[in-house]
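**Q** Got a structure for you, questions after.
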Amino acid sequence: MTSFDASSVTVTFAGLVAAGLYAAAYLSFVRLMRFPRNWLPPSLRDVLTTGLLAVLAVAWVSLSPNSSDLIRLTSLAISTGFIVVLFFIVAAPAMAFRPANGLVEFLARHAEYAGLWLLGPALIAGWLVPNSKLQAMLAAAMAIELSWFLRQHWARRRRQFHPLNLPDRSVLEIQAKGDLKAFRGRHGIRELVLSEGAISWRGCGKNTPPCPFNFYVNRLGLNTAPCCREHMRDISHYVAACLSDMGAVHWLEGGSLLGAVRENGALLDWEDDIDISVLLDGDLTWDRLASGLVERCARDGYYVDLFEQKSLAAISFDAPKAWPFQWERNRLRGEIRVDIAVYRRATSHGEAVLERQSYKGAMPATEQGGYGVPQEIVLPTSTISFEGEKFSCPNKPSEYLRILYGDFEEVEYTYLDPAAAEIRQQTGLP
Ligand SMILES: [Zn+2]
């Protein structure tokens, strides 16, 4: 091999390492974003892993052991700045889960292609700075952004039209103050199709990204989209069937139970997830529950996300993707999901309770630092009609709801953005 060949092999290898380190940091960062979109604080381990990978990528790109300056400062500044800006763009939709500043909201609205806005700066930097490792890193980043955009673009074509029913339309018209076109443009509601006086919704499916309905429902105060509602119904019955199959004692929880009791077996109009609780009892351990769900959902095409430290499992409607795409960005603005919270038997203040780790409604704290309900309110579980089928529920559903929400008969828009909630309240809509 000539010396020229040897050096070009070294350059290619160095470039591939730079691209690989960036891709690893990116994937780790996307995985980290599953915490904010599940309303959880990020795990320290995931934060450190992402930080370490990003630092390694920047260091690899900037180090130059053969030249007089050990560190190429221009490359250091460009690679650091690029990663910070691009990761900020990637994170914007997850940050906008809660009200955020104008820039974050803007980036979240254009999340599909905002990363590609860095294409110009990347080309200029790659052209001006003769560092092949930096060029490879920038190329890898832009290739990822381009593939993300194209996959979103193609998925959009698979969306199908759903008519909007009268209550959904009137809520939409009220929140839009009558000007649907301006409202759609202002908030980037691309699913809303207006033509010749007809209003319809370009709905999500199993192989499209979900409607970004955390934003539409919780922030804009709209009703849950018809497609999302349909999928929530399907997945709630699917998960209940899995749990029954495993012999797991389970019951409808939180807002889903509230819908079943107060709305005569329907979902709340602004429902954004399905809540089901499971009792770990007898030989049902967390590991058995988790592996049972993972196995069934993999077979039937649902995605399972496990948060063992919080004793939570989230099951998403979208089809599971091959590694490394399972942590994709497409769920960052909401996903159709069943949240499973785990309860264990405990004694608190001399009373038999069922206890969970994570906070729910106004459920009182237990002596052990969890949250609990008296056992006899839940067990033995009863059944209630929910979205057209019988569903397992607490033995005393109304008492259960009173513990969570107090006077639950009164409709409160606590999940919605205060401004959107106020407009909705003024109209007196159910
Ligand atoms: Zn949808």
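The values are calculated or read from the model by the stated rules, or taken from the named source; none is laboratory data. Please read all numbers here as calculations on a predicted model, not as lab measurements. Here Cβ is always computed from backbone atoms with ideal geometry, including for glycine, and neighbour counts include all displayed protein chains.
**Q** Could you run through segment 145-181 and say how many residues are within 15 Å of the ligand (Cβ to nearest atom), among the hydrophobic types (A, V, I, L, M, F, W, C) and surrounded by fewer than 19 Cβ atoms within 10 Å (Cβ to Cβ)?
**A** 2
**Q** Yes or no: Ala241 part of a helix (DSSP H, G or I), assigned by TED's automatic domain parsing to the domain that holds Pro394 and free of Cβ contacts under 8 Å to residues at least 12 places away in the same chain?
**A** Values: part of a helix (DSSP H, G or I): yes; assigned by TED's automatic domain parsing to the domain that holds Pro394: yes; free of Cβ contacts under 8 Å to residues at least 12 places away in the same chain: yes.
Considered against the rule, which asks whether it is part of a helix (DSSP H, G or I), assigned by TED's automatic domain parsing to the domain that holds Pro394 and free of Cβ contacts under 8 Å to residues at least 12 places away in the same chain, Ala241 comes out as yes.
**Q** Looking for whichever is out of contact with any strand residue (DSSP E or B) (no Cβ under 7 Å at 6 or more places or on another chain), part of a helix (DSSP H, G or I) and closer than 26 Å to Leu379 by Cα here; the options are Asp283, Asp287. Which one fits? Before the answer, list the steps.
**A** Values: Asp283 fails: part of a helix (DSSP H, G or I).
Unique residue meeting the criteria: Asp287.
**Q** Looking at segment 182-200, which of the residues that are under 24 Å from Ala114 (Cβ atoms) and touching a strand residue (DSSP E or B) at 6+ places or on another chain (Cβ under 6 Å) is farthest from the ligand (Cβ to nearest atom)? Quick ask: steps written out before the conclusion?
**A** Step one: of segment 182-200, the residues under 24 Å from Ala114 (Cβ atoms) are 182-193.
From the residues that got through so far, the ones that are touching a strand residue (DSSP E or B) at 6+ places or on another chain (Cβ under 6 Å) too are 184, 191, 193.
Working: Arg184: 16, Glu191: 7, Val193: 13 Å.
Selected residue: Arg184.
**Q** When you go through (1) modelled with pLDDT under 90; (2) within 30 Å of Gly188 (Cα to Cα); (3) exposed (fewer than 15 other Cβ atoms within 10 Å of the Cβ); (4) not aliphatic (A, V, I, L, M) one by one for Glu112, which number turns out not to apply?
**A** Failed condition: (3).
**Q** Could you list all residues from segment 25-68 that are assigned to a loop (DSSP other than H, G, I, E, B) and either in contact with a helix residue (DSSP H, G or I) (Cβ under 9 Å, 6 or more places away or on another chain) or within 22 Å of Phe97 (Cβ to Cβ) (or both)?
**A** Across segment 25-68, the qualifying residues are Met33, Arg34, Phe35, Trp39, Leu40, Pro41, Pro42, Ser43, Ser64.
**Q** Can you tell me which residue in segment 115-132 is nearest to the chain's Cα centre (by Cα), limited to those that are surrounded by 19 or more Cβ atoms within 10 Å (Cβ to Cβ) and within 12 Å of Ile78 (Cα to Cα)?
**A** Quick first cut of segment 115-132, residues surrounded by 19 or more Cβ atoms within 10 Å (Cβ to Cβ) only: 115, 122, 125-126, 131.
From what's left, within 12 Å of Ile78 (Cα to Cα): 122, 125-126, 131.
On the way: Ala122: 29, Ala125: 34, Gly126: 34, Asn131: 37 Å.
For segment 115-132, the residue satisfying everything is Ala122.
**Q** Okay, next question. Restricting the search to segment 201-225, which residues are within 12 Å of the ligand (Cβ to nearest atom) and among the charged types (D, E, K, R)?
**A** Across segment 201-225, the qualifying residues are Arg202, Lys206.
**Q** Sticking with this one: Checking the condition of a type in the set (A, V, I, L, M, F, W, C), in the same structural domain as Gly20 (by TED's automatic domain parsing) and closer than 30 Å to Ser67 by Cβ, which residue from Leu146, Leu134 passes?
**A** Of Leu146, Leu134, the one residue that is of a type in the set (A, V, I, L, M, F, W, C), in the same structural domain as Gly20 (by TED's automatic domain parsing) and closer than 30 Å to Ser67 by Cβ is Leu134.
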